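Encoded as structure tokens, the structure appears first; notes follow it.
The values are calculated or read from the model by the stated rules, or taken from the named source; none is laboratory data. As the structure is a prediction and not an experimental result, all values here were calculated from the model. Cβ coordinates were reconstructed from backbone atoms using ideal geometry, including for glycine residues, and neighbour counts include every protein chain displayed.
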Amino acid sequence: MLRATLKSLTSRKLRLVLSGLAVVLGVMFVAGAFVLTDTLGRSFTSLFQTAYAHTDVQVSAKSKLGVGLGGDQGIASLPGSLIDKVRQVPGVASATGTISVDGARVVGANGKAVTTYGAPQFGTNWTGTGTERLEPGSRAPAADDEIAINAGLAKTANLRVGQRVGVLTLRPQQTFTVVGIFGYSGGRDSLGGEQTVAFTTPVAQRLMLGAPGAYSAVDVRAGPGVDDGTLRDRVAAAVGGGYQVQTGKQLAHDAAAGFQKALSFFNYVLLGFAGVALFVGVFLILNTFSIIVAQRVRELALMRSLGASRRQIISSVLLEALVIGLIASVLGLGAGVGVGALLAFVFAKVGASGLHLAGVGVPASAVIASFAVGILVTLVAAMLPALRASRVAPIAALREVAATDRPLTRITISGGAITALGAGVLALGLTGGGGDGTLWAILGGVLISFIGVALLTPLISRPVVSGLGRLFAWSVPGQLGRRNSARNPRRTAITAAALMVGLALITGVNVILSSATASIHQVADSQVSVDLIISGDGGASSIVPTFDRSVLDRVRATPGVAQVAGVYGDSARVDGDLTSVDAVDNPAGMRDMFDLKAKSGTIATIGSGQLILDQKRADSLGLRVGSRVPVQLSRGDVRTFTISGIYADNDVYSGWVMSAADVSGFRTDQPEQALIKLAPGTSVAGVKAKVDTLLANSPEVNVADRTEYVDQQAAQLNTVLTMIQILLALAILIAVLGIINTLALSVLERTRELGLLRAIGLRRAQTMRMVTVEAVVISVFGALLGLAVGSGLGAAVVRALHDQGFTTLSFPWGQLAVYLVLAGIVGVVAAILPAIRAARVNVLAAIAYE
């Protein structure tokens with residue numbers, strides 16, 4: 001039995017390749033995710049060790065908001081007098097005050113701020129004591145209008161020594177002369193893609209910390225024979241508990257651990273899409289083995305007649321699956337290592353320029369996951385065909401017709417029950433009834449629903465496929481292709497279901513994002529009376545762009561402007577909870593433009609030390625007008641604010657609002673947004689052009705009318721959709737392989753039939769058209785399923801999120817039509833190889849084929 005199974009495998013190499021390819025692609029994604037995160041993790045660990053190589057101990061200020069710098073964009077500083085105190089500690093060889101704050105952006109020659117792919121843009125003071133190395137012809141900044149920049153920034157912005165450039169910081173844009181370009185030890189141009197601008201210490205204190213004489217940290221070098229841990233304890237005892245004292249090794253470890261946490265999320269995303277690909281692959285493998293079993297009915301029956309038991313038949317099919325899974329796992333692991341290394345290389349060159357990659361390694365998790373997933377998926381997919389094979393009766397060896405169609409009653413009832421279960425679980429998750437397991441309820445509901453729909457698909461495949469096929473019924477090949485695609489509803493359904501899964505997910509996300517965009521437009525048009533909005537576009541940077549507050553006064557003086565409300569934003573701890581807060585210099589104007597309604601107190605004016613908030617938040621926190629809450633802003637000490645007003649919930653605005661008189665405690669006292677209301681009859685375009693000239697020194701900030709602003713915000717949703725489409729393209733590719741595999745095996749199964757058709761006059765071109773029609777019908781059927789299921793899932797999510805602002809359900813009809821057309825093209829492409837093979841069938845050999 002073992003020899004017969006292995007002989008069957010080696011005699012059908014094409015079947016082996018096609019059925020295993022889906023597993024190869026899925027495992028490749030799994031292995032690639034682990035290899036990528038492992039390689040980047042070790043690379044950044046090495047990077048942080050280099051960055052802190054010249055720091056034995058560091059004293060840093062604790063964030064006012066209780067989280068790391070950058071996480072809340074807060075500014076924590078320590079006084080310069082602390083440096084002298086640290087120098088007096090026994091065992092300290094040197095103590096240097098350093099400034100390093102994210103938020104220094106250089107303005108390029110094109111007038112735009114130079115951006116990164118999410119890497120920080122540090123503003124520092126030049127100390128010359130770290131890992132920085134000035135290039136030949138460079139020097140350290142000495143005057144207030146001089147800066148040095150790292151080589152990575154110089155290359156990105158095409159800057160050289162002697163050039164004058166604008167720099168954006170906490171203050172309005174200022175112009176400096178580049179006097180130095182520096183790299184880092186090890187020949188690095190940057191530390192992981194960051195951009196650094198080094199000022200003189202007084203300028204860095206003023207621009208980056210907003211506090212003369214202050215520093216971000218004190219870097220300490222130990223004297224000869226002094227242990228880092230011992231020195232850390234001595235320094236900590238000397239400076240007291242108001243500061244954080246760590247060794248360089250601790251700093252490197254904590255930085256690497258934070259990056260590993262970010263990488264783990266990225267890893268989960270990749271593994272999620274790998275799971276989708278493998279789920280689609282299950283349909284391909286299931287269909288492959290189902291067709292194989294159908295083709296080998298007489299062969300299996302003969303084995304039963306010769307004494308093979310049902311267990312041996314099951315073992316035979318599962319052994320084939322095991323071999324395919326094992327080979328596919330090996331190939332997938334190898335491909336995954338290559339893909340992971342390639343993605344790491346691209347990240348190092350594009351996303352984190354200057355990152356020196358560690359050697360590509362294969363972690364044990366990648367190997368274990370690859371073989372566990374690859375083999376398990378293949379065996380699970382082959383289980384049902386194996387059971388079906390074991391039920392072949394010995395008498396079937398005497399039949400002329402190998403395959404018989406079976407009733408759909410059982411599979412239809414099962415599909416209906418599973419679909420109902422999936423819908424119930426999904427509804428539980430969408431309505432928040434899952435508690436802590438809400439996310440798993442949603443994912444599980446989607447998965448179960450897909451399985452249920454796949455089981456129901458054979459019931460509707462025959463009438464739908466027959467109807468689609470009538471579009472091609474004007475020719476004999478078209479009629480034959482239509483009948484072929486409808487003759488085996490189970491096979492057609494499984495093939496179409498593979499395409500359905502990937503397309504349903506894309507469609508569902510598309511419906512959700514389209515509805516979000518439509519909802520934003522609907523709310524903006526009906527509830528917002530703002531005519532122009534000044535706001536920034538910081539790209540991938542964590543820094544929100546701001547502009548000079550004097551612009552607000554000049555906008556107010558512009559003819560045709562009725563009201564202007566300047567909005568300042570920051571993070572804060574309100575009553576112990578980390579949240580975002582806004583400060584407004586014209587509360588009455590914002591009230592009118594956002595149509596805010598007072599529920600209690602007053603919201604038209606906000607005095608210093610006062611707060612207003614929305615009704616929902618007030619109820620959840622048990623607050624009312626007159627309540628007093630402690631507030632910790634980015635700067636200064638904790639202050640107690642009084643609730644002076646509560647406004648009604650609405651779809652436009654919510655959250656904490658304070659007076660612009662209190663922005664001295666914000667990270668920056670510059671506004672990040674301005675809301676402009678024009679007088680009736682005023683030209684929006686005319687005022688917009690005038691306001692635009694006022695923003696000449698703010699390259700990250702622009703002015704837009706209401707529709708343009710909404711479109712700008714919605715563009716971010718389009719980026720999300722594009723990323724999801726790219727990641728789900730693998731699932732679509734596997735579905736295409738499924739169509740190719742089904743047609744190829746179907747052509748093999750119908751060899752004698754094709755020979756007879758050719759013998760009675762069907763030409764080669766007609767044969768190819770027949771196979772192509774069959775492929776197109778199956779592909780379009782799968783696309784229609786995907787569009788229907790995806791639209792239903794998307795509509796359900798939008799309905800569940802109605803209270804979160806999804807007020808309008810919108811279907812992207814144009815995109816859906818494109819998907820349908822692409823499905824037809826996919827069918828044509830998938831039919832190429834099977835159609836050529838069918839056309840090349842030898843007529844005489846085919847007639848004699850058994």
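Taking into account only those residues within the stretch 799-825 that are among the β-branched types (Val, Ile, Thr) and modelled with pLDDT of 85 or more, which is surrounded by the most Cβ atoms within 10 Å (Cβ to Cβ)? Spell out how you get there, then give the answer.
The initial filter retains those residues of the stretch 799-825 that are among the β-branched types (Val, Ile, Thr), namely 807-808, 818, 821, 825.
Restricting the remaining residues to those that are modelled with pLDDT of 85 or more gives 808, 818, 821, 825.
Details: THR808: 17, VAL818: 11, VAL821: 12, ILE825: 11.
Out of the qualifying residues, it is THR808.
Let's see how each residue does on (1) farther than 30 Å from LEU505 by Cα; (2) in contact with a helix residue (DSSP H, G or I) (Cβ under 9 Å, 6 or more places away or on another chain):
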residue	(1), (2)
ASP614	yes, no
ARG624	yes, yes
ARG628	yes, no
ASP662	yes, no
ASP692	yes, no
GLU700	yes, no
ALA715	no, no
GLN725	no, yes
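Quick check on TYR647: is it modelled with pLDDT of 90 or more, closer than 15 Å to PRO587 by Cβ and either hydroxyl-bearing (Ser, Thr, Tyr) or assigned by TED's automatic domain parsing to the domain that holds ALA76 (or both)?
Spelling it out, TYR647 is indeed modelled with pLDDT of 90 or more, closer than 15 Å to PRO587 by Cβ and either hydroxyl-bearing (Ser, Thr, Tyr) or assigned by TED's automatic domain parsing to the domain that holds ALA76 (or both).
Which fully enclosed helices (runs of 4 or more DSSP H) of the stretch 1-90 have 1 or more residues being under 40 Å from the mean Cα position of the chain (by Cα) and modelled with pLDDT of 80 or more? Steps first, answer last, please.
Numbers: elements: 2-11, 13-51, 81-87.
Those helices (runs of 4 or more DSSP H) span 13-51.
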* Could you say whether any residue in the stretch 228-237 is within 30 Å of SER43 (Cβ to Cβ), assigned by TED's automatic domain parsing to the domain that holds THR156, free of Cβ contacts under 8 Å to residues at least 40 places away in the same chain and not aliphatic (A, V, I, L, M)? -> yes
* Asked: Taking the stretch 152-165 as the search range and keeping residues that are more than 33 Å from the chain's Cα centre (by Cα) and either of a type in the set (Ser, Thr, Tyr) or assigned to a strand (DSSP E or B) (or both), which one is surrounded by the most Cβ atoms within 10 Å (Cβ to Cβ)?
  -> VAL165
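Residues are listed down the side, and each one gets a yes or a no for (1) surrounded by fewer than 16 Cβ atoms within 10 Å (Cβ to Cβ); (2) part of a helix (DSSP H, G or I); (3) at pLDDT below 95:
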site	(1), (2), (3)
MET590	no, yes, yes
MET593	no, yes, yes
LEU596	no, no, yes
THR605	yes, no, yes
SER620	yes, yes, yes
GLY626	yes, no, yes
SER634	no, no, yes
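Check the stretch 499-513 and report whether any residue there is among the aliphatic types (A, V, I, L, M), in contact (Cβ under 8 Å) with a residue 12 or more places away in the chain and farther than 30 Å from ARG462 by Cα. Working first, answer last.
Going residue by residue through the stretch 499-513, those that are among the aliphatic types (A, V, I, L, M) are 499-501, 503-506, 509, 511-513.
If we keep only those that are in contact (Cβ under 8 Å) with a residue 12 or more places away in the chain too, we end up with 499-501, 503-506, 509, 511-513.
If we keep only those that are farther than 30 Å from ARG462 by Cα too, we end up with 512-513.
Checked the stretch 499-513: at least one residue is among the aliphatic types (A, V, I, L, M), in contact (Cβ under 8 Å) with a residue 12 or more places away in the chain and farther than 30 Å from ARG462 by Cα.
Going by what's in this entry, would THR668 be described as over 28 Å from SER571 (Cα atoms), β-branched (Val, Ile, Thr), touching a residue at least 12 places away in the same chain (Cβ under 8 Å) and in a loop (DSSP other than H, G, I, E, B)?
no
For every residue, the table says whether it meets (1) touching a Phe, Trp or Tyr at 6+ places or on another chain (Cβ under 8 Å); (2) under 26 Å from THR668 (Cα atoms).
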position	(1), (2)
ARG87	no, no
THR98	yes, yes
VAL106	no, yes
TRP126	yes, yes
PRO141	yes, yes
ASN150	yes, yes
ASN158	no, no
GLN173	no, yes
* Provide a single number: the residues in the stretch 749-776 that are in a helix (DSSP H, G or I), more than 30 Å from PHE29 (Cβ to Cβ) and hydrophobic (A, V, I, L, M, F, W, C). => 9
* Structure fact -> Restricting attention to the stretch 207-240, the residues that are within 39 Å of the chain's Cα centre (by Cα) and surrounded by fewer than 18 Cβ atoms within 10 Å (Cβ to Cβ) number exactly 1
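In the stretch 232-239, is there at least one residue being part of a helix (DSSP H, G or I) and within 30 Å of PHE34 (Cα to Cα)? Outline the logic, then answer.
To start, the set of residues in the stretch 232-239 that are part of a helix (DSSP H, G or I) comprises 232-239.
Right, trim to within 30 Å of PHE34 (Cα to Cα) and you get none.
Checking the stretch 232-239: not a single residue is part of a helix (DSSP H, G or I) and within 30 Å of PHE34 (Cα to Cα).
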* **Selection count where residues are in a loop (DSSP other than H, G, I, E, B), buried (at least 21 other Cβ atoms within 10 Å of the Cβ), modelled with pLDDT of 85 or more and of a type in the set (Ser, Thr, Tyr), scope the stretch 499-550** => 1
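Among ALA565, ALA496, which is in contact with a Gly (Cβ under 7 Å, 6 or more places away or on another chain) and not in a helix (DSSP H, G or I)? Outline the logic, then answer.
On the way: ALA496 fails: not in a helix (DSSP H, G or I).
Going through ALA565, ALA496 in turn, just one is in contact with a Gly (Cβ under 7 Å, 6 or more places away or on another chain) and not in a helix (DSSP H, G or I): ALA565.
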* Asked: Among the residues of the stretch 630-658 satisfying the criterion of being in contact with a helix residue (DSSP H, G or I) (Cβ under 6 Å, 6 or more places away or on another chain) and of a type in the set (Asp, Glu), which is nearest to GLN610 (Cα to Cα)?
  -> ASP649
* Asked: Hey, among the residues in the stretch 241-287 that are over 29 Å from ILE451 (Cβ atoms) and aromatic (Phe, Trp, Tyr), which one's surrounded by the most Cβ atoms within 10 Å (Cβ to Cβ)?
  -> TYR243
* Asked: Which number in (1) among the β-branched types (Val, Ile, Thr); (2) within 21 Å of GLY502 (Cβ to Cβ); (3) not in a helix (DSSP H, G or I) marks the one condition that THR808 misses?
  -> (2)
* **Check on ALA53, of a type outside the set (Lys, Arg) and more than 28 Å from GLY223 (Cα to Cα)** => no
* Some residue of the stretch 130-151 being among the polar types (S, T, N, Q) and assigned to a strand (DSSP E or B) -> yes
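Just name the residue that is farthest from the chain's Cα centre (by Cα) out of those in the stretch 811-826 that are more than 18 Å from SER779 (Cβ to Cβ) and not hydrophobic (A, V, I, L, M, F, W, C).
We begin by selecting, within the stretch 811-826, every residue more than 18 Å from SER779 (Cβ to Cβ); these are 811-814.
Next, only the ones that are not hydrophobic (A, V, I, L, M, F, W, C) stay: 812, 814.
Values: PRO812: 21, GLY814: 24 Å.
Per the criteria, the residue is GLY814.
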* Structure fact -> Within the stretch 659-706, of all residues that are under 30 Å from GLY609 (Cα atoms), of a type in the set (Ser, Thr, Tyr) and surrounded by 19 or more Cβ atoms within 10 Å (Cβ to Cβ), the one modelled with the highest pLDDT is SER659
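Let's see how each residue does on (1) closer than 24 Å to GLY636 by Cα; (2) assigned to a helix (DSSP H, G or I):
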site: LEU207; (1), (2): yes, yes
site: PRO212; (1), (2): yes, no
site: ARG221; (1), (2): no, no
site: VAL226; (1), (2): no, no
site: THR230; (1), (2): no, yes
site: GLN244; (1), (2): yes, no
site: GLY258; (1), (2): no, yes
site: LEU263; (1), (2): no, yes
site: ASN267; (1), (2): no, yes
